[in-house]
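The numbers here are math on the coordinates, done by the rules we state, and not lab data. As the structure is a computational prediction, the values presented were derived from the model and not from experiment. We place every Cβ from the backbone using ideal geometry, glycine too, and count neighbours over all the protein chains shown.
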């Protein structure tokens, strides 16, 4: 049976702003409980394929490094545009988020709604905490997702 909405927070809390997706997922777990699954992942592409299989709505939150101002939030509708591979190259996995999405696309298995929130990181050093700008961006993404999920549930979409 297909799951409704799935939120995947991606990252590593031990590498500074790389933990943005995980931090967002943990905040969302405190705020949203109904008809929604929230998981934390490291960014391993093969695991992601299994995690989002059969979900009707997928929201991924991950740190990125594109050269934009730290704390910048980019929203990608995966059905409308491809993720820039180089911007999401923080993972230690050779087969990460963009590659997993493209394989899912090639297999014609993209969920009907698939959105990625990229948060521009500032500091990815081992042992560091989230930067202030990244923390504010995490809070903004959480607020956006809470609004979107609540609207979907009210509309019967999620």
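Below is a table of values for the structure above.
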{"read-out": "Among [x] 16.0; [y] 15.3; [z] 17.2, the entry that matches Kirkwood radius over Cα pairs in Å as calculated here", "value": "[y]"}
{"read-out": "Backbone N within the stretch 36-55 under 15 Å of label point (7 Å from residue 107 Cα along the Cβ vector)", "value": "44-55"}
{"read-out": "Per-peptide average of other Cβ atoms within 10 Å, ordering 110-119, 139-148, 23-32 highest first", "value": "110-119, 23-32, 139-148"}
{"read-out": "Tensor-based shape of the stretch 29-73 (alpha-carbon gyration tensor, a/c under 1.5 rounded, otherwise prolate or oblate)", "value": "oblate"}
{"read-out": "Order by protection proxy (mean Cβ within 10 Å, highest first), peptides 96-106, 126-136", "value": "96-106, 126-136"}
{"read-out": "Rounded to 5, the percent of DSSP beta bridges in the chain classed as antiparallel", "value": "20 percent"}
{"read-out": "Potential extension, residue 26-residue 95 segment - 0.36 nm per residue separation minus Cα distance", "value": "22.4 nm"}
